1. Sum -39500 (n - 2.57) across every DSSP H segment of at least 4 residues in chain A, then divide by the residue count to get the 222 nm mean residue ellipticity, nearest 500.
2. From the P(r) of the protein assembly as shown, could you give the percentage of C-alpha pairs in the tail past 45 Å?
3. Run through the DSSP bridge list for the protein assembly as shown and note the antiparallel percent, rounded to the nearest 5.
4. Note the full-extension length gain between B:A355 and B:A133 as 0.36 nm times their separation in residues minus their Cα-Cα distance, in nm to one decimal.
5. With label points built 7 Å along Cα→Cβ from the Cα atoms of B:D251 and A:V173, find their separation and express it in nm.
6. Please work out the Cα convex hull volume for chain A and give it in Å³ per residue.
7. Helix B:8-19: angle to the longest alpha-carbon principal axis of chain B, degrees 0 to 90, nearest 10?
8. How many angstrom lie between the C-alpha centres of the range B:261-322 and the range B:200-253?
Amino acid sequence: MTHLTRRESFRRAAILAGASGLPFGCAPASESVPAAWQPLELKPVTATGYGTDPNLIHPAPAPWILTLTEKQRNLAGVLADILIPAEGDIPSATGAGVIDVLDEWVSAPYPLQQEHRAVLLSGLDWCEREADNRFGSTFATLTEMQQLEIVDDIAFPERTAAAFAQPAAFFDVLRRLVAGMFYSSPEGAAELGYLGNVPISGDWPGPTAEAMAHLNEQLNKLGLEL
Amino acid sequence: MIVVGSGAGGGMAAYVLTRAGHKVLMLEAGRDYDPVAETPMFNTNAEAPLRGTRTPDKHFGFYDATVDGGWDVPGEPYTMADGTDFLWWRARMLGGRTNHWGRLSLRFSPHDFKAATRDGLGADWPFEYDTLAPWYDKTETIVGVCGDNPGLDDIPDAAPGVLHKPPQPRVPELLLAAAAKKLGIPTAYMHRAILTRPLDNRQPCFWATPCGRGCSIGAAFQTTTSLLPLALETGNLKIVTDAMVHTVAVDDTGRATGVTFVNRKTRKPETLSARVVVLAASACETARILLNSRTDALPDGVANSSGQVGRNLMDSTGASFTGLVPALENRPRYNEDGHTGNHIFIPWWGHAAQAKGELNFPRGYHFELGGAFPAPGMGAGSSAAGYGLALKERVRSRYGAYVGLSLRGEMVASDDCYMEIDGEVRDQWGIPVPKFHWKWSEHELNQVAHGRDTARQIIETMGGQMHNPDQLPEEAIKKGGEIIHEVGTTRMGTDPGTSVTNEWGQTWDVPNLYVMDGGVFASNPHKNCTLTIMTLAMRNADHLAQAMGRGNV
Ligand SMILES: Cc1cc2nc3c(=O)[nH]c(=O)nc-3n(C[C@H](O)[C@H](O)[C@H](O)COP(=O)(O)OP(=O)(O)OC[C@H]3O[C@@H](n4cnc5c(N)ncnc54)[C@H](O)[C@@H]3O)c2cc1C
Ligand code: SF4
């Protein structure tokens, strides 16, 4: 089996599993030597934050300057849409504006965000080098199949080959951020089915009949009673 | 008279004193604050920088009401002894921390007042529960507390008609309650300082918007929408904000003559005289003021002949246990905001077991139960795994499927936990800062281990899995101060040799100097402290008002 055909068979399995909503059964360790992880030397962001007494009613846009380059934004967008693709009427991560928020995040002067900045920029850089290493091209111009071949090596921490440990840690940070930003967007909140933040007069209505029916079914299964 | 601080204790003191006809000048270190104009009630995380996430500028998230504070206050550091990891939450605003507290409001129970007599640890209170019971009724009536009287030994009954109707439990809370029931552990309605019927000018809760941002309609109690406007209505209250008090002056006869503060706007000191001084700047700030008031005549500070000022510092123990519950995955959606806090909780159920010697720790704890469809924020990403449609499916199915049990327990005062004044470090106003000393004892660690095992049993009984089930108690327990229930630094008692104030919060040494914040606590039962801070302030301000009326102060 050649390198590519073995990849291709995995890719097909992945598509099937993805379509059925099941996590993939296995991920092969890459056979080629991956690009080395090279932490970027970054100048610290020294902008000031929004302060300890910002206007809460009309939040001003974040006061710090956005720092991602066009190339970084594009690559982050490709990865973000692999993480959260469009689904029916629901937009993808980039469609919901996640990259602007990600740029705001990595450009923020706070310690956690600066930590993420170091991981994310180094990770984006790694993706480019790995795309070149495997396919001799930039990540964004790879075929979807080729992109997923790289992503599959770093998207499943529990079975990541040791050589991919750092890129996988990067991908995990990116995933948590992109998912958090997507699901806190109006489109993402609607997809989750969040129905709150509306005033109700009188007593709190409590769980619906449907919600109680589901609970009762679960209680029965568990042998519990209210 | 002067009241220092406008939070829970100061707000109640000013309310009672002004309504009894006394003129009160309130000095507040923070800026003026108007919750009606400043509370971002319905704003969403998507409208905030960084999706509203916590930052060092806003430690509890962008929309949290805290002004110029949190775990750090700009220009106002504190220090710690080697090996101490203590957190001190402050807010520099009118109303102090009442603008954003959790509003959990449980009475102490009869067990709580003479615990030292029972187990030999810490100190007794100078009275029994029955003494405070009518004051709890009066305080709850003015504050507005929802909850009920379940007849459990850890939850004393309020007088009929006092409590507001609580909201019914949410689905995850019902499942938690069913699991607890199977294990013989009771659950009860949480008591929260949330109106569910109108009171004064305040409206009942409309079942939306996080209370930590403050409540512009006044449903969630904060002094800035209740006690302070009511006190101002009397015409007897004057509030001066941006006034950072640093010392109380005492004359040769041992009477307080007034206070000195730094005007934060001019950065200049100003001195005011008063017949009576009431300190309610919060337990650690009040102790700091007393210790910083030392003179040649009083080298240990004011009201400190007992040497107890700053000692006996207590917080609640805290630990958080969470788990994913498959039975809650993919459950039908509905609006689960409710009053945005926990609707039910697990009160302490172990008094009998403890009396029989079956537990390896003294005192009790409770669990605040968590589980709901939350307003989506950055946390929504934490359940993501893999990528693509499978990732989305997983996030959707796990939304609302996590539960949490937050332990809040009683710690026992110890010689290892106290504050003093740092001899070297001063804040930006030139005021010497507190230095904290802290070490959890076996009592607290054993209690947290018991809580961890209990939480695990409950989550497993629901068919779920607890995260980190083997975590050591040393790792699970929150830091000292982190639960933000610091009390005890000017404790009350019956003996001037071992306590700072008498049962009325009147300092033994200086008869016209009172403490009306959590500093006066003799012990720190697991029931969150603020309702009792206000109840004591009401009782003691009433006593002070009457004594003033008789010319006795
Ligand atoms: C996020 C959060 C959640 C909480 N949840 C709960 C809960 O659910 N239940 C509960 O019981 N408790 C809770 N607490 C604790 C509760 O807020 C405090 O117990 C309570 O506010 C203490 O009242 P206080 O009057 O002593 O202090 P504060 O309310 O802090 O008021 C003190 C005031 O004095 C001012 N001040 C300080 N120093 C000076 C000075 N030198 N000169 C002049 N003014 C000064 C401060 O600026 C402040 O306004 C919570 C706290 C926080 C932060
Ligand atoms: S949930 Fe109710 S009490 Fe809390 S802030 Fe909203 S309206 Fe006020």
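1. Working: 8 runs with 117 residues, N = 226.
Helices in chain A give a 222 nm mean residue ellipticity of -17000 deg cm²/dmol.
2. Beyond 45 Å sits 29 percent of the P(r) for the protein assembly as shown.
3. Antiparallel bridges: around 70 percent, rounded to the nearest 5.
4. 77.5 nm
5. 6.4 nm
6. Cα-based convex hull of chain A, divided per residue, equals 203 Å³.
7. 50 degrees
8. Centre-to-centre distance over Cα atoms comes out at 20 Å.
The values are calculated or read from the model by the stated rules, or taken from the named source; none is laboratory data. Model, not experiment: these values are computed from the prediction. Cβ coordinates were reconstructed from backbone atoms using ideal geometry, including for glycine residues, and neighbour counts include every protein chain displayed. These area figures cover heavy atoms from the full protein model, side chains too; ligands, DNA and RNA do not enter into them. Shrake-Rupley method; radii C 1.70, N 1.55, O 1.52, S 1.80 Å.
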